[in-house]
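Each remark here refers to the structure printed beneath this line.
Every number in this text was worked out from the coordinates using simple rules, so none of it is lab data. This is a predicted model, so every value here is computed, not measured. Methodologically, a virtual Cβ is constructed for each residue, glycine included, from the backbone with ideal geometry; neighbour enumeration extends over all protein chains shown.
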Amino acid sequence: MEQNNYHGALQKPIESGFNAKSTTCEVIKGIDLSGKTAIVTGGNTGIGLETVKTLTDAGAKVIVPARDMEKARKNLQGIAHVEIRAMDLMDPLSMDTFAQTFLDSGSPLHLLINNAGIMWVPLRRDARGIESQLATNHLAHFQLTATLWPALKKTKGARVVHVSSSGHQFSDFDFDDPNFLNREYETLKGYGQSKTAVNLFSMELDKRAKAFGVRSYALCPGAVGGTELSREAPLELFQKLGYCDAEGNILPEVASSLKSIPQGAATTVWCATSPLLNDMGGVYCEDVDVAPLVSDVSMIGGVKPYSLDPDSAKRLWEWSEEMIGRPFPIER
């Protein structure tokens, strides 16, 4: 019988041997990536940068697409086996240009890590009119993955890793009004919707792609200190969430609970490289293991059933193809 993760059928921890405190160095130990090629979006800052360092230290060649080339060169300076190329996730044409250049090189693609994302931003839209969190966190990566599909398929063993978030619990995907045209914009709902979309896409991609040797994973890095992800979030939002006091000081109990960047990137690296996942895909992971399925929406952690719903996943796939203006070229 075909195994897939529809309705969270595979969402059970597998005793990976790691935990929330595990770091990238621990996860990558003993793994040789010599001869492998990876693309890491958002690879010049935060957990993306840590991911790039870890993969290159293990022998991989890593390509980092970047909107701000100067910033990328500065942050990636001195790291061997890294190439920086221009790309803007809010610009569909730049994504196609980046992907086509890679395809023209003839190189196989062993790892595509869809890491870049934005969070808690004011209402903006991309060139297609898509709300910016949905555009950046999901649709851009759908388009990039679709365009790079020939290089992934060529590899016979490629993995696509999508950085999601426990924030998916803020919202299911609203197919009636995904771009907040007829409802009031709430940045938390926009963020949650975009990450639910990431989970649905990852699950459906794995179901369709595994026949070609390509597996897909979504993951939550956890609450990580020292990243730029929440740079545009208003103070009132942090206060509403109970992260800081009236003066804007982060609460000690919150600060002590944050992961370090090497801990935050550990689940990404594990999903990209662990042999324990060789025969499993479409799952949502956290704390360097497969996450449990959690129906209680009041509980933080785990993955919510609506973000692994097969009907929503198929509908989102069709919506995403319509938005990018072409089909995802997986043969049926």
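Miscellaneous remarks
- CD proxy at 222 nm, helix term only [per DSSP H run n ≥ 4: -39500 (n - 2.57); per residue of the chain; nearest 500]: -10000 deg cm²/dmol
- Whether the chain is rounded, prolate or oblate, judged on the alpha carbon gyration tensor where a/c under 1.5 counts as rounded: rounded
- Net charge over other residues, Cβ less than 10 angstrom from the Cβ of Gly157 (K, R count +1; D, E count -1): +4
- Cα gyration tensor category, rounded, prolate or oblate, for the range 275-332 with a/c compared to 1.5: oblate
- Seen through its C-alpha gyration tensor, with square-root eigenvalues sorted a ≥ b ≥ c, the range 1-104 comes out oblate because a/c lies at 1.5 or above while a/b is not bigger than b/c.
- Residue order for Ile47, Ile261, Ile330, fewest other beta carbons within 10 angstrom first, comes to Ile330, Ile261, Ile47.
- Qualifying chymotrypsin sites (Phe, Trp or Tyr not before Pro) for the range 135-192 [loop in DSSP, other Cβ within 10 Å: at most 13]: Phe175, Tyr185
- The chain - percent relative contact order, Cα under 8 Å, separation 6 or more: 24
- Stokes-Einstein D (µm²/s) once Rh is taken as the Kirkwood radius of the range 65-210 over alpha-carbon pairs, at 37 °C in 0.692 mPa s: 202
- When Met119, Met69 are arranged by Cβ crowding within 10 Å, least crowded first, meaning fewest neighbours, the order is Met69, Met119.
- Cys220, Cys25 arranged by Cβ crowding within 10 Å, fewest neighbours leading: Cys25, Cys220
- Near the amide H of Ala116, within less than 5 Å, lie the amide hydrogens of Thr41, Gly42, all on another chain or at least 5 residues away, with H placed in the peptide plane.
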